[in-house]
1. Under a cut-off of 20 Å between alpha-carbon atoms, report the aspartates and glutamates in cross-link reach of Lys49, not counting same-chain residues fewer than 8 places apart.
2. Ranking Ile53, Ile192 by Cβ neighbours within 10 Å, fewest first, what do you get?
3. So for the stretch 39-151, averaging the separation of alpha carbon pairs under 8 Å that are six or more residues apart and normalising by length, what relative contact order in percent results?
4. Going by average Cβ density within 10 Å per residue, which order do the peptides 91-100, 55-64 take, highest to lowest?
5. Using the per-residue mean of other Cβ atoms lying within 10 Å as a proxy for protection, in what order, highest first, do the peptides 31-38, 20-27 fall?
6. Can you grab the distance from the C-alpha centre of the stretch 1-45 to the C-alpha centre of the stretch 174-196, Å, no decimals?
7. Report relative contact order for the chain in percent, whole number only (criteria: Cα-Cα under 8 Å, sequence separation at least 6).
8. Restricting to bridges with both residues inside the chain, how much of the DSSP beta-bridge set is antiparallel, in percent to the nearest 5?
Amino acid sequence: MAKKITIALAGNPNSGKTTIFNNLTGSRQHVGNWPGVTVEKKEGSLKYKDYEIKVVDLPGTYSLTAYSLDEVVARNFVVEERPDVVVDIVDASNLERNLYLTTQFMELGVRLVIALNMSDRAEESGHKIDTKKLSELLGVPVVSTIGHKNRGMDELLQAIVDVADGKFDRGNVTPRYGEEIEEEIRKIEELIQRDAGLMQRYAPRWIAIKLLEGDEEVTKKVTGEK
Ligand SMILES: Nc1nc2c(ncn2[C@@H]2O[C@H](COP(=O)(O)OP(=O)(O)OP(=O)(O)O)[C@@H](O)[C@H]2O)c(=O)[nH]1
Ligand SMILES: [Mg+2]
């Protein structure tokens, strides 16, 4: 029996998500809309080893705040639908800016794989990225890809199923914010842990940070307000 998993392709705008989506799913895809909004939703599927993988192409976002419709769509999918693995398609030629979103996924506590896409461009501009080191630092598998040349797709799929299988057990690497803020995060986390319903659905640390940021959507989830 094939193991069924769902993966989401996320990343900054123009990082190569749809190119990789097309490489992975070929003609097995369909396009619709995200419920309630006119943002395009692409879904597809493929078989890899004994996996049947459903792939969802998320809108491009720079962060997971809820400032734009694209961000809300991407964030809600990841938080509410809980794909088995989030594949963060990173533009390797713009690493620092792209890794901001990566840290947000780490904070959410999702199972993550990083595709260092556009690695051809990074190299052209003289950057050689040590993927092994980056993977160690982040506690996440990192695979070099060149989307429009269809390079690195097998390695990417292997990393995805490894993570789905729990074979890549990332260390507890999450961004830290200094003692003062960490103290407040701890206090809020303690309160959240008393709410079984919330606990089941979201990483308490993530909720605590969003509450400190004054995130309206998350505040509504916590207060139960519609
Ligand atoms: N040089 C280079 N170009 C790439 C690579 N991968 C994709 N591209 C090109 O980059 C452009 C953007 O790719 P898309 O796949 O549309 O990017 P996207 O992330 O889906 O963009 P949005 O959906 O708008 O956020 C296209 O012209 C691709 O052909 C790569 O690895 N190297
Ligand atoms: Mg796209």
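What follows draws every value from the coordinates through simple rules; no lab data is involved. In this text the structure is predicted, and so the values were computed from the model without any measurement. Here the Cβ positions follow ideal geometry from the backbone for every residue, glycine too, while neighbour counts run over all protein chains shown.
1. Asp84, Asp154, Glu155, Asp162, Asp165
2. Starting with the residue having the fewest Cβ neighbours, the order is Ile192, Ile53.
3. 18
4. 55-64, 91-100
5. Highest to lowest by the protection proxy: 20-27, 31-38.
6. Their Cα centres are 34 Å away from one another.
7. 18
8. 40
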